1. Taking springs between alpha-carbon atoms closer than 10 angstrom, which of Ile101, Ile27, Ile167 fluctuates most in the Gaussian network model of the chain?
2. How long are the three semi-axes of the equivalent ellipsoid for the range 193-256, computed from the Cα gyration tensor as the root of 5 times each eigenvalue, in whole Å, largest first?
3. Semi-axes of the range 171-321's equivalent ellipsoid from the Cα gyration tensor, sqrt of 5 times each eigenvalue, largest first, rounded to whole Å?
4. Going through the cross-link list Lys21/Lys194; Lys271/Lys304; Lys170/Lys258; Lys6/Lys31; Lys31/Lys194; Lys57/Lys170, which pairs have a Cα-Cα distance over 20 Å in this structure?
5. Suppose only helical runs count, i.e. DSSP H with n ≥ 4. What mean residue ellipticity at 222 nm does that imply for the chain under -39500 (n - 2.57) per run, divided by all residues and rounded to the nearest 500 deg cm²/dmol?
6. Could you point to the label whose value was computed as Kirkwood radius over Cα pairs in Å for the structure here, given (i) 21.2; (ii) 30.8; (iii) 23.4?
7. Indicate the helices, whole DSSP H runs only, in the chain that combine a mean Kyte-Doolittle hydropathy of -0.5 or more with a Cα extent along their long axis of 18 angstrom or more.
8. Specify the residue with the greatest mean-square fluctuation among Asp219, Asp297, Asp139, computed from a Gaussian network of the chain linking alpha-carbon atoms under 10 Å apart.
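A short reminder: the numbers here are calculations on the coordinates, not readings from a lab. Note that the coordinates shown come from a computational prediction; the quantities given were computed from them, not determined experimentally.
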Amino acid sequence: MGLPEKIKQIEEEMKKTQINKHTEHHIGLLKAKLARVRAELEASTSKSGGPAFEIRKGGDATVVLIGLPSVGKSTILNRLTNAKSKVAAYAFTTLTVVPGILRYNGADIQILDLPGIISGASSGRGRGRRVLSVARNADLVLLILDVFQPGQVELLKRELHEMGIRINQKPPDVVITKSNKGGLALTTSVKLTKLSQATVKGIAEAYGLSNGSILIREDITDDQLIDVLTGNRRYVSALVVLNKVDLVNEHYLAVVKKQVGTDFVPISAEKGLNIDILTERIWETLNFIRIYLKRPDGEPDLDKPLILPASSTLRDVCKKIHPRFSEGAKYALVSGQSVKYAGQRVGLDHMPSDKDVVTIMR
């Protein structure tokens, strides 16, 4: 029996199994088995899916535009950046990845216009795997919807999920340690309500983990545990962007909001409506901080801030300057919201705030 046949057999068994308390253990094991077989199939067919798009990450972050054909991705790219992505009123205008740079608040944000995807993209239809693989390395995904087809958001989420991309989720708080002997030990710091300890061990053994330890620090589902054991999931932030809103009224948008089921940014790329709001939402979601460097005997450089994630330390600031800069750094003098007074001396593990002025002392 080939891998596609195995997948179909497992899926059929899952459909026939009624979900309840008595079958949740069996369902969990089937899910684990299905995920492993799908991974095997993906590995065996990845070479035949064509070469991946060669994209060199640039700037302080990478944002990708994901959507079906003809939803306005190219026009959005052109509005946000200085790119010249081809625009036309027919499907599949963009046949490769078109990059552009959004310059905002001192940051250079790389925006990538990707070819439109279709249903089944995660399985390889329409070069979908090549397109979706770009999203795996992104810092932010923009889900672009046509105002008249808001239900497409579920299709986009499903295709991303099938590619191992978990949008707007955090990695489960689970620590797995493997060993060669001693059996499998399970430790939980919370009460598990979504799966039993027997199911946890059963899923782990389905992945070949029979010796070692599993530490679970949050109430997870069987799907989350499978994600941890699979080990190749990507957790990426996402924004829903509803394009062509100039063609509808407020009442229609209120109905769409219920259908989409999430917050979205309403824009008209063609008219340039709310592009400034979209730019601000991109900045907010990337959650950057700006650090202004100051020499001991000079003034701070307020024109070219260093752009870093909000959870960065001064050691990360040193690495941003140069990978080996921190080796000679001793401490820093900081002015701004992260300290009590201007010029406060702090260690390199200090976490600066947005717009702090920093002097690295060597």
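1. The residue with the greatest mean-square fluctuation here is Ile27.
2. Details: eigenvalues 360, 38, 17 Å².
So the equivalent ellipsoid measures 42, 14, 9 Å along its semi-axes.
3. 42, 30, 11
4. Over 20 Å Cα-Cα: Lys271/Lys304; Lys170/Lys258; Lys57/Lys170.
5. -9500 deg cm²/dmol
6. Label of the calculated value: (iii).
7. The qualifying helices are 24-45.
8. It is Asp297.
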